[in-house]
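The values are calculated or read from the model by the stated rules, or taken from the named source; none is laboratory data. Since the structure is predicted, the reported quantities are computational estimates derived from the model, not experimental observations. Cβ: placed from backbone, ideal geometry, glycine included. Neighbour counts: every protein chain shown.
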Amino acid sequence: MAAAAALLPAVCSTLPAQAASYGTPTIKLSTAYLSGAVGSTGDPTVTVTVAQSGADASALTVAASKTSKSAVAGTSDVSVTGSGTTRTVAVTAHAQGYADLTLKVTGLGGKTATTTLHFAASPAVQYSTDARYLTGASDASAAVDVGGGYVVVANDEDNTLRLYNGAASGAPVRTWDLDSALNADKEVDIEAGTLVGSTIYWTGSLGNNKDGEYKADRNTVFTTTVSGSGANTSLSFGSAYHQLRDDLVAWDEANGDRYGFEAATADGEIPKEINGFNVEGLEFAPDSTSTAYVGFRAPLVPPQAGGKALIVPVTNMDKVVTGTAAAFGTPIELDLGGLSVRDIRRNSLDQYLILAGSWAADDNSDPYALYSWDGVAGHQPVKVLDLPTTDAGGWESIVSVPDLTRPGARVQLITDDGSADLYGDGTEAKDLTHPEWQKSRSTWFTLG
């Protein structure tokens, strides 16, 4: 027995070692759809999660193995960074259009798995190094700075408010769907918002829809309350009022039908006409938390080429949003070179910027400009910058106003890209199937 036992280790050492067993690797995307832009910096990225049973994730490699359209983005245009379970995928776009990119994970034992990233590239734009893209919606219509570089953005095609990091391209950090709070069946058509203390005041366009039909949900002003700031911003619904349009029409009638509000709001009347009725600006008067300036995209005054832009002060806006009928001050008519109010924003120094654009619906080609103003009736604004108009999208929102006396002051503007054909297939951005492909553009401009 002793001799047999002595031989056992030698016998065991000659047995073949058990081969390592590895499972098929897995690869999952945080989203299967990604949008980029030609010439862009800081485009959105996708997170890839990989694993393989029996293997350390750090031993796995991830790379693009195939593209459906190399002219848009080739396999060498896909960058994968990071290690371990989670990797980051970025794509450099070369041309407008779509490309399906096959991503392959290679694990131990030569085993592989693939998944598809559906990539869409919009064309190059002017000031591309100062541009960022806010994805998840394309019809950005109002923006409010909530500190730390973060901005709450409204979309005129739904009643959802979205919180973005204004310095980065990508999806919203948080969202708030206000359909139930507003008791709305359709979009309010949010077109302007402004922050006073911890309260954001928002207004719908108040006008008819594009077919000239009255939709009650558009006749809305409402508030949200802000807590926290930056990435930790939280919003809660405040209150709403649904008769400001009626109050404006009654006020105008009582003052000799000066601006034609009754006719402009009649059934069948289109809001985006030179004599239409369409609100796109909201900001408070200097040193006031009660008097709000309501800025009109239409009408011009008089309603003809070269007419002036119209602002109507609501002197009790703080009470209006809780159900009190609106009271009005003396209307203000501003010479914006034949353009109208598309947004208006004030800073703590009571310096104003007015984003001026056309009353018409052809947003992508008509002139846009920024004007400075002191907010005082009778004082005329001064043009400080003409804005580029050759790129898709219409300039729609001012995020905040810098100190306009500081040399090199910069302002952040956001476009409404809802009607833009971003990817060259004839589809308007608002009709794209995947929200990751819908986007608006944020751009910084230096004032001078």
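In this structure, does Val341 turn out to be among the β-branched types (Val, Ile, Thr) and surrounded by fewer than 22 Cβ atoms within 10 Å (Cβ to Cβ)?
Here the answer is no, as Val341 does not meet what is asked.
From the residues in segment 306-316 that are assigned to a loop (DSSP other than H, G, I, E, B) and out of contact with any Ser or Thr (no Cβ under 7 Å at 6 or more places or on another chain), which one is surrounded by the most Cβ atoms within 10 Å (Cβ to Cβ)?
Step by step, filter segment 306-316, then rank; the result is Gly307.
Which pairs turn up if I take residues in segment 317-328 that are in a helix (DSSP H, G or I) and look for partners that are buried (at least 21 other Cβ atoms within 10 Å of the Cβ) and of a type in the set (Gly, Ala, Ser) with beta carbon separation below 6 Å, at least 6 apart in sequence or on another chain?
Within 6 Å, the pairs are Met317/Ala292; Val320/Ala326.
Given the criterion buried (at least 21 other Cβ atoms within 10 Å of the Cβ), closer than 28 Å to Val146 by Cα and hydrophobic (A, V, I, L, M, F, W, C), identify the matching residue among Leu248, Leu244.
Leu244
Mind checking whether some residue in segment 204-220 is charged (D, E, K, R), surrounded by 20 or more Cβ atoms within 10 Å (Cβ to Cβ), assigned by TED's automatic domain parsing to the domain that holds Thr389 and in a strand (DSSP E or B)?
No, segment 204-220 contains no residue that is charged (D, E, K, R), surrounded by 20 or more Cβ atoms within 10 Å (Cβ to Cβ), assigned by TED's automatic domain parsing to the domain that holds Thr389 and in a strand (DSSP E or B).
Confirm whether Thr41 is out of contact with any Asp or Glu (no Cβ under 8 Å at 6 or more places or on another chain), closer than 22 Å to Val91 by Cα and either of a type in the set (S, T, N, Q) or touching a residue at least 60 places away in the same chain (Cβ under 8 Å) (or both).
In short, yes.
Select from segment 267-276 the residues that are surrounded by 14 or more Cβ atoms within 10 Å (Cβ to Cβ) and either charged (D, E, K, R) or free of Cβ contacts under 8 Å to residues at least 24 places away in the same chain (or both) and list them in ascending order.
Hits for segment 267-276 are Glu269, Lys272, Glu273.
For segment 49-69, check the following and say yes or no: at least one residue is closer than 25 Å to Gln438 by Cα, at pLDDT 95 or above, within 27 Å of the chain's Cα centre (by Cα) and not in a helix (DSSP H, G or I).
No, segment 49-69 contains no residue that is closer than 25 Å to Gln438 by Cα, at pLDDT 95 or above, within 27 Å of the chain's Cα centre (by Cα) and not in a helix (DSSP H, G or I).
Across segment 411-427, what is the total count of residues that are among the hydroxyl-bearing types (Ser, Thr, Tyr) and surrounded by fewer than 17 Cβ atoms within 10 Å (Cβ to Cβ)?
1
Does segment 373-428 hold any residues that are out of contact with any Gly (no Cβ under 9 Å at 6 or more places or on another chain) and among the aromatic types (Phe, Trp, Tyr), and which are they?
Across segment 373-428, the qualifying residue is only Trp373.
Return yes or no: is Phe222 aromatic (Phe, Trp, Tyr) and touching a helix residue (DSSP H, G or I) at 6+ places or on another chain (Cβ under 6 Å)?
Judged against the criteria, Phe222 is not a match.
Has segment 232-245 got any residue that is of a type in the set (Phe, Trp, Tyr) and in a strand (DSSP E or B)?
Within segment 232-245, one or more residues are of a type in the set (Phe, Trp, Tyr) and in a strand (DSSP E or B).
Checking the structure you have, find out if any residue of segment 372-389 is touching an Asp or Glu at 6+ places or on another chain (Cβ under 6 Å), assigned by TED's automatic domain parsing to the domain that holds Gly306, within 19 Å of Ala131 (Cβ to Cβ) and free of Cβ contacts under 8 Å to residues at least 60 places away in the same chain.
Looking for residues that are touching an Asp or Glu at 6+ places or on another chain (Cβ under 6 Å), assigned by TED's automatic domain parsing to the domain that holds Gly306, within 19 Å of Ala131 (Cβ to Cβ) and free of Cβ contacts under 8 Å to residues at least 60 places away in the same chain, one finds none in segment 372-389, hence no.
Are any residues in segment 110-162 closer than 20 Å to Thr41 by Cβ and of a type in the set (D, E, K, R), and if so, which ones?
Within segment 110-162, Asp130, Arg132 meet the criteria.
How many of the residues making up segment 149-163 are closer than 17 Å to Gly393 by Cβ and either part of a loop (DSSP other than H, G, I, E, B) or modelled with pLDDT under 95 (or both)?
Residues meeting the conditions: 2.
So how many residues does segment 371-410 have that are under 25 Å from the mean Cα position of the chain (by Cα), part of a strand (DSSP E or B) and surrounded by fewer than 20 Cβ atoms within 10 Å (Cβ to Cβ)?
The total comes to 5.
How many of the residues in segment 277-305 are surrounded by fewer than 17 Cβ atoms within 10 Å (Cβ to Cβ) and either among the acidic types (Asp, Glu) or outside the structural domain of Trp202 (by TED's automatic domain parsing) (or both)?
Residues meeting the conditions: 1.
List every residue pair whose Cβ atoms lie under 8 Å apart, where the two residues are 6 or more positions apart in sequence or sit on different chains, the first residue falls within segment 166-187 and is in the same structural domain as Val146 (by TED's automatic domain parsing) and of a type in the set (Val, Ile, Thr), and the second residue, located anywhere, is outside any loop (DSSP other than H, G, I, E, B) and crowded, with 18+ Cβ neighbours inside 10 Å.
Sorted first by the residue in segment 166-187, then by its partner, the pairs are Val173/Tyr150; Val173/Leu163; Val173/Tyr164; Val173/Asn165; Thr175/Thr160; Thr175/Leu161; Thr175/Arg162; Thr175/Leu163.
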